[in-house]
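Asks: What follows is a single structure, and I will ask about it in a moment.
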Amino acid sequence: TERAGLPPSFLSVDTDGRVVRCDTFSKWVSPGLRCGFVTAPRPLIVKLAQGAGPSLGVSSPVQVFLVEMLRRWGPAGLHRHVQRVQAAYRRRCAVALTAAAEHLSGLARWEAPRGGMFLWLELLGVRSSADLLDEMTRERVCVVPGAFFSAHE
């Protein structure tokens, strides 16, 4: 499978119905398709639907488009599409790793990701990459400082 070598997801090992998984179609169906979904125990899904209403804030045309596209693709078509997306992300990751090796050796450390589409870099000798954010943005470097992912910083 495509997940070979990856650790199991929390959802796949949940035996008590305590895991809630929030996903988006934008990374694996179509960039910019701002529509997501929740996988959770049925009682929680019922409560979420009661509180949010049928649209959950996503425009109706987007929902109709998505449903029709998935219906037309069917499971086999969706699988083929996901495989193409995964291959594209693998190529992008390889380019990022090559660029990091060429331009950042000795300045940063990183590991090739085992899954996903982002490269996590640790800048050597830099307390916080947030301090460099303005300069990196001016140089057209797309970056999200690690501190943005921490509740403690």
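Asks: Among the residues of the range 57-112, what is the count of those that are over 26 Å from Ser128 (Cβ atoms) and either among the aliphatic types (A, V, I, L, M) or assigned to a loop (DSSP other than H, G, I, E, B) (or both)?
Replies: 17
Asks: Residues in the range 114-124 that are exposed (fewer than 15 other Cβ atoms within 10 Å of the Cβ), without any contact (Cβ under 8 Å) to a residue 40 or more places away in the chain and part of a loop (DSSP other than H, G, I, E, B): how many?
Replies: Final tally of qualifying residues: 4.
Asks: List the pairs whose first member sits in the range 16-28 and is touching a residue at least 40 places away in the same chain (Cβ under 8 Å) and in a loop (DSSP other than H, G, I, E, B), whose second member is β-branched (Val, Ile, Thr) and open to solvent by less than 70 Å² (accessible area, probe 1.4 Å), and whose Cβ atoms are under 9 Å apart, counting only residues at least 6 apart or on separate chains?
Replies: Lys27/Val85; Trp28/Val82; Trp28/Val85
Asks: Would you confirm whether any residue within the range 77-85 is more than 17 Å from the chain's Cα centre (by Cα), at pLDDT 90 or above and of a type in the set (Gly, Ala, Ser)?
Replies: Yes: the range 77-85 contains one or more residues that are more than 17 Å from the chain's Cα centre (by Cα), at pLDDT 90 or above and of a type in the set (Gly, Ala, Ser).
Asks: So which residues in the range 125-140 are in a loop (DSSP other than H, G, I, E, B) and open to solvent by 70 Å² or more (accessible area, probe 1.4 Å), if there are any at all?
Replies: Scanning the range 125-140 gives Gly125, Arg127, Glu139, Arg140.
Asks: Report, by residue number, each residue of the range 1-33 that is of a type in the set (Val, Ile, Thr) and either open to solvent by less than 40 Å² (accessible area, probe 1.4 Å) or at pLDDT below 85 (or both).
Replies: Thr1, Val19, Val29
Asks: On to the next question. With the condition kept exactly as written, say whether any residue in the range 56-70 is touching a residue at least 12 places away in the same chain (Cβ under 8 Å) and either closer than 25 Å to Pro145 by Cα or touching a His at 6+ places or on another chain (Cβ under 9 Å) (or both).
Replies: no
The values are calculated or read from the model by the stated rules, or taken from the named source; none is laboratory data. Nothing here was measured: the structure is a model prediction, and the numbers come from that model. Every residue, glycine among them, receives a Cβ derived from its backbone with ideal geometry; neighbour counts consider all protein chains shown. Side chains included, ligands, DNA and RNA excluded: accessible areas come from the protein's heavy atoms. Shrake-Rupley method; radii C 1.70, N 1.55, O 1.52, S 1.80 Å.
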